[in-house]
Amino acid sequence: MRTRVERHGDELIARRRLPAAPDRVWAAFTSPASIAAFWGGSHATVPPDSVTVDLRPGGEFTLDTRAPDGRTGRLRFVYVSVDPPRELVFEEPVTGLRTTVTLRPARDGTDLTVHQRKLPPELRTDQAADGLASILDALAAHLPPDDDGDSSDPSNPA
């Protein structure tokens with residue numbers, strides 16, 4: 001399954017069902033090691049030592065990206081709202097881009113929505129939508145399915 005992304009003017013909305021519980025998805029979005037593992041998607045790598053997280057309103061998270069052609073970039077975001085494990089809101093201070101990550105429990109994991117608002121003109125493209133989808137697809141690959149460990153199931157001899 002691939003992430004679905006919709007473009008509406010200066011907004012991108014991505015939706016994905018993940019096979020992990022909301023607390024595990026939350027940890028992936030807030031742990032430096034996990035952010036490094038998925039943030040670049042298929043378009044870049046993120047050196048693990050470049051990721052910093054100060055998880056509080058007004059705190060920042062930063063990371064470096066390295067494209068396949070060797071170009072590097074520094075990303076900096078400021079947390080606006082932190083509501084574990086339901087919603088995370090952060091802004092990119094230079095452009096004003098605001099990202100809201102919403103996690104909803106689902107029967108088999110988590111329904112994830114990433115809503116980006118105030119996209120600068122250079123990010124109102126199919127390439128940007130594909131980039132966001134690639135990041136969330138990499139997140140899905142990074143999170144193995146939950147093992148519910150339900151020993152009350154008679155077909156489960158655990």
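Taking 22 Å as R0, compute the FRET efficiency from the Cβ-Cβ separation of Lys118 and Arg2 and round it to 0.05. Walk me through the numbers on the way to the answer.
Details: r = 25 Å, r/R0 = 1.16.
Efficiency, rounded to the nearest 0.05: 0.30.
Given charges of +1 on the Cβ of Lys and Arg and -1 on the Cβ of Asp and Glu, with all other atoms neutral, how large is the dipole of the chain about its Cα centre, in debye to the nearest 20?
Numbers: 19 positive and 24 negative charges, 93 e Å.
Dipole magnitude for the chain comes out near 440 debye.
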Fill in the blank from the handout: If one compares the long axis through the Cα atoms of helix 126-142 with the longest principal axis of the Cα atoms of the chain, the angle in degrees, nearest 10, works out at 30 degrees
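Within segment 1-79, list the trypsin sites (Lys or Arg not before Pro) lying in a DSSP loop whose Cβ has at most 15 other Cβ atoms in a 10 Å radius.
Values: sites: Arg2, Arg4, Arg7, Arg15, Arg16, Arg17, Arg24, Arg66, Arg71, Arg74, Arg76; in loops: Arg2, Arg71.
Those that pass, being in a loop and sparsely packed, are Arg2, Arg71.
Given axes a ≥ b ≥ c from the Cα gyration tensor, I'd like to know whether segment 82-128 is rounded (a/c under 1.5), prolate (a/b larger than b/c) or oblate.
Numbers: a/c = 5.05, a/b = 1.76, b/c = 2.87.
Since a/c reaches 1.5 but b/c is at least a/b, the shape of segment 82-128 is classed as oblate.
Compute the Cα gyration tensor for the chain, then decide on rounded, prolate or oblate, letting a ≥ b ≥ c be the square roots of its eigenvalues: rounded whenever a/c is under 1.5, prolate when a/b is larger than b/c in the other cases, and oblate in all that remain.
Values: a/c = 1.71, a/b = 1.65, b/c = 1.03.
Prolate shape, in that a/c is at least 1.5 and a/b is the bigger ratio.
Values quoted throughout were computed directly from the atomic coordinates according to the rules given, and no laboratory measurement underlies them. Predicted model, so just to flag it, every value in this text is computed and none were measured. Neighbour counts are summed over all protein chains in view; Cβ atoms, including those assigned to glycine, are modelled from backbone coordinates with ideal geometry.
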